[in-house]
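Here is the structure we will look at.
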Amino acid sequence: MSDEKIFWFNRHPCSEGLDEEGIREIADQMKIVEVESDEWVHRSGVPNKSIHLVVRGSLVNYLHDSQGRKIEETVLSKGSQFGILVAAQKEPIPVSVVAQEPSTLLKLDFQVALRMAAKYPVFQLNLFRMAGNQVRQLLLKERIHFQPSLVLIVNPSPVKRPLTPRLLRRLVDIGEKPCVLSDDPDWEEIPGVEHRSLIEGDRIIGQDAIRRQVTEWAGRGRILIDVHAQVDFEKLCIAFGAADLVLWSLCPGDRQSVESTLKRLGERVSHWLEKVNLVWLLDREHPTAPSESRLRGLVEYDFKVSFSEPPPTMGNLLSHGLERIIHQLRGVRIGLALGGGAARGMAHLGVLKALERNGIIIDMIAGTSAGALTGTVYSKGLDIDYSIQSFARDLTPSWMFQKLPRGNHWYLLYKYRRGQFDPMLRKYLEDSRLEQLPLPMNAVTVDLVGGAPVARAEGDSVEAILESMNLPVLSAPIYRTGQALVDGGLINNIPADVLVGKGCNFVIAVSVTSQLEQVFGSYGPGGATGKEKPPSTLQTIMRSYQVQHFNMNSVGVKPADFVISPDVTQFDLTEFTRTAELADQGERSTQDSMVEIKALLSGLDDGLFPHPG
């Protein structure tokens, strides 16, 4: 039993920095507690004088009000704790804890913990850090993500394993010292990576041997277990129970067999599937993940990755999929909020170009109106320069409109009234759905029935754009089941808050409405500035939205960590023909901000983002 306690304690952050003697002495004072799904660990109002370290599985921590109602809940995953703050109180506090899945805990009497903390200052520091993290997460609402220490990677077949070696090399590049257990008989050694085969003779080594190896590696670095999808189901269940995160890689043709296996795993333990991230392995022949949602509905998250050269009109978005997985392992999720602003929103394309050039890989986008347009096209994977040329070409007024006074305005009205945006966008997006895109995309619109913003993350990608940029007066509401949808800028023009709600812990917002030129038609602060005709009805409508966006600029953008505000006041709201110039302005503004952005990202993860200084 002592060796088992040492095994589990070694896998918890509270053991970090302790020598072998300290680990053994503290572990000897602990008790292993096994709990099943929905089993209570602690009930509200009951005195608690123990610390529980979560070493396998997960718990849910509920905070109750004076009437006993649940008012807050937090998931306590592997590597977290319960009891440091509760046990220190004289009176019971209104929190309860219940197992979310079969879990293993190490229970340590609070008074014994204090004695061990006095004897081992490193252990005391670890306890203080854990208590501090709990305060930050529960009270300050800080966006802290768990970093999995034991990752299970499931490969499509015994011979097709493109993911694990690349992940390991990248982890070494950023300063980690990962270890790997693999059943690949043709494993090629990777510098900086300690490897042990899961196969001895003609069979996979037993659970005890795996446990001894994990114990030996504990504290050295992240551990990856690399297996193929046809591994014995019971052995797969053992690996699932031990893993903090599962990366299940598959090709589009594998979806039915994977769905069947995941359903069996979910029937064994329902919360196991919350650990699973799908990794779609795509290539030039199969560049898009399947559209059906049944498989995605079983898991927590999915990535799209390709290791093939992209076609000429496509950018490198699919090749960035590997780095997004690294972000997940490091507890990083970077969001980009793109605001509305008609033609001025074309500056977003330049922002994206500058971020890519500087190696800042985005994990998720939320966009409103023009931000939904540019963000969705980018999330499809189209090359940015190709998109700039395409927008400028497709939104250039025909010769007839060019002959008319204010032809740009009439052309925009024509595009809206005649439904011309749909066929224009389908040339590039086809019938793709948002959930198929290589980069998760949220298009923000407003429902006039419910009176609230709606963030679309699923459904037809073209329809999502049309809903988000559906300007009232210029076009009728778009009716979906129980909804009447119009431009999202009415309520939330720069949806950084959507990204925070989706788990992003660093959000860059882009506003093309933060500056407002002090002129309307021929009118300025001093009165009329010329002899031009009074502004048209369309100009008045567009200016009204512009003023609204300017005054609501802080709505939605408030939780952003950094705001990029390119000066696009010299561009008319309908000048889509100047897309290239607008993109240049966005690119310059982003490049000018790059040192500050990188410095902030360095504070989030200095391995991924070394400080620019």
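The values are calculated or read from the model by the stated rules, or taken from the named source; none is laboratory data. All of these numbers come straight from a predicted model, not from anything done at the bench. Using ideal geometry, Cβ is built from the backbone for each residue, glycine included, and neighbour counts are taken over all protein chains shown. Quick note on the areas: whole protein, heavy atoms, side chains included, nothing else; ligands and nucleic acids left out. Shrake-Rupley method; radii C 1.70, N 1.55, O 1.52, S 1.80 Å.
Within segment 239-258, identify whether any single residue is touching a residue at least 60 places away in the same chain (Cβ under 8 Å), in contact with a strand residue (DSSP E or B) (Cβ under 6 Å, 6 or more places away or on another chain) and of a type in the set (S, T, Y), and answer yes or no.
yes
In segment 383-405, is there at least one residue being over 13 Å from I465 (Cβ atoms), open to solvent by 50 Å² or more (accessible area, probe 1.4 Å), outside any helix (DSSP H, G or I) and modelled with pLDDT under 75?
Within segment 383-405, one or more residues are over 13 Å from I465 (Cβ atoms), open to solvent by 50 Å² or more (accessible area, probe 1.4 Å), outside any helix (DSSP H, G or I) and modelled with pLDDT under 75.
What are the residue pairs meeting all of these: first residue in segment 268-289, first residue of a type in the set (S, T, N, Q), second residue modelled with pLDDT under 85, Cβ atoms under 7 Å, and 6 or more apart or on different chains?
Final answer for the pair search is N277/E300.
Can you find a residue in segment 444-457 that is open to solvent by 30 Å² or more (accessible area, probe 1.4 Å), of a type outside the set (S, T, Y), in contact (Cβ under 8 Å) with a residue 60 or more places away in the chain and under 14 Å from S369 (Cα atoms)?
yes
Report, ordered by the first and then the second residue, all pairs with beta carbons closer than 9 Å, sequence separation of six or more or different chains, a first member in segment 110-122 that is under 16 Å from G83 (Cα atoms), and a second member that is open to solvent by 90 Å² or more (accessible area, probe 1.4 Å) and assigned to a helix (DSSP H, G or I).
A117/F128
Inside segment 199-230, can you point out the residues that are open to solvent by less than 20 Å² (accessible area, probe 1.4 Å) and β-branched (V, I, T)?
I205, V214, I223, I225, V227
If we keep just the residues of segment 42-61 that are more than 16 Å from T215 (Cα to Cα), modelled with pLDDT under 90 and β-branched (V, I, T), which is surrounded by the most Cβ atoms within 10 Å (Cβ to Cβ)?
Out of the qualifying residues, it is V60.
Here are some residues: V507, V557. Which one is at pLDDT 65 or above, assigned to a loop (DSSP other than H, G, I, E, B) and among the β-branched types (V, I, T)?
Of the residues listed, the single one that is at pLDDT 65 or above, assigned to a loop (DSSP other than H, G, I, E, B) and among the β-branched types (V, I, T) is V557.
Residue check: is E91 under 32 Å from the mean Cα position of the chain (by Cα) and among the acidic types (D, E)?
No: the conditions fail for E91.
For L108, work out the one condition from (1) over 19 Å from F7 (Cα atoms); (2) at pLDDT 90 or above it doesn't fulfil.
Status for L108: all satisfied but (1).
Can you find, within segment 555-570, the residue that is farthest from N358 (Cα to Cα) among those that are of a type outside the set (V, I, T) and surrounded by 22 or more Cβ atoms within 10 Å (Cβ to Cβ)?
By that ranking, first place goes to G556.
Which condition number in (1) surrounded by fewer than 21 Cβ atoms within 10 Å (Cβ to Cβ); (2) part of a helix (DSSP H, G or I); (3) not small (G, A, S) is the one that D302 fails?
Condition not satisfied by D302: (2).
Are any residues in segment 11-31 in contact with a helix residue (DSSP H, G or I) (Cβ under 6 Å, 6 or more places away or on another chain) and farther than 18 Å from Y120 by Cα, and if so, which ones?
Result: no residue meets the conditions.
Kindly evaluate L474 against the criterion of being over 24 Å from L336 (Cβ atoms) and either among the charged types (D, E, K, R) or buried (at least 21 other Cβ atoms within 10 Å of the Cβ) (or both).
no
Across segment 305-319, what is the total count of residues that are open to solvent by less than 30 Å² (accessible area, probe 1.4 Å) and more than 17 Å from V276 (Cβ to Cβ)?
So the count comes out to 3.
If I go through segment 416-443 residue by residue, how many of them are at pLDDT below 90 and surrounded by 19 or more Cβ atoms within 10 Å (Cβ to Cβ)?
Counting residues in segment 416-443 that are at pLDDT below 90 and surrounded by 19 or more Cβ atoms within 10 Å (Cβ to Cβ) gives 1.
Could you figure out which of (1) at pLDDT 95 or above; (2) assigned to a loop (DSSP other than H, G, I, E, B) isn't true of A289?
It fails just one condition, (1).
Please go through segment 96-109 and pick out each residue that is open to solvent by less than 20 Å² (accessible area, probe 1.4 Å), more than 12 Å from G57 (Cβ to Cβ) and in contact with a Ser or Thr (Cβ under 6 Å, 6 or more places away or on another chain).
Answer for segment 96-109, where residues must be open to solvent by less than 20 Å² (accessible area, probe 1.4 Å), more than 12 Å from G57 (Cβ to Cβ) and in contact with a Ser or Thr (Cβ under 6 Å, 6 or more places away or on another chain): just S96.
What number of residues in segment 458-467 are assigned to a helix (DSSP H, G or I) and open to solvent by less than 30 Å² (accessible area, probe 1.4 Å)?
So the answer is 5.
Can you work out which of the residues in segment 154-186 that are basic (K, R) and in a loop (DSSP other than H, G, I, E, B) is surrounded by the most Cβ atoms within 10 Å (Cβ to Cβ)?
R161
What are the pairs with Cβ atoms under 7 angstrom where one residue, in segment 187-198, is open to solvent by 80 Å² or more (accessible area, probe 1.4 Å) and the other, located anywhere, is in a loop (DSSP other than H, G, I, E, B)? Sequence gap at least six, or different chains.
Note: no pairs meet the criteria.
Looking for something within 16 Å of D109 (Cβ to Cβ), aliphatic (A, V, I, L, M) and at pLDDT 85 or above - is there at least one such residue anywhere in segment 3-23?
The answer is no; no qualifying residue exists.
Just need a number here: residues in segment 7-29 that are of a type outside the set (S, T, N, Q), in contact (Cβ under 8 Å) with a residue 24 or more places away in the chain, open to solvent by 20 Å² or more (accessible area, probe 1.4 Å) and over 15 Å from A117 (Cβ atoms).
Residues meeting the conditions: 2.
Go through segment 188-215 and count every residue that is in a loop (DSSP other than H, G, I, E, B) and either among the acidic types (D, E) or touching a helix residue (DSSP H, G or I) at 6+ places or on another chain (Cβ under 9 Å) (or both).
Looking only at that region, the number is 9.
Can we say L245 is more than 18 Å from P102 (Cβ to Cβ) and of a type in the set (A, V, I, L, M)?
no
Among E259, E267, E234, E216, which is charged (D, E, K, R) and in contact with a Lys or Arg (Cβ under 8 Å, 6 or more places away or on another chain)?
E259
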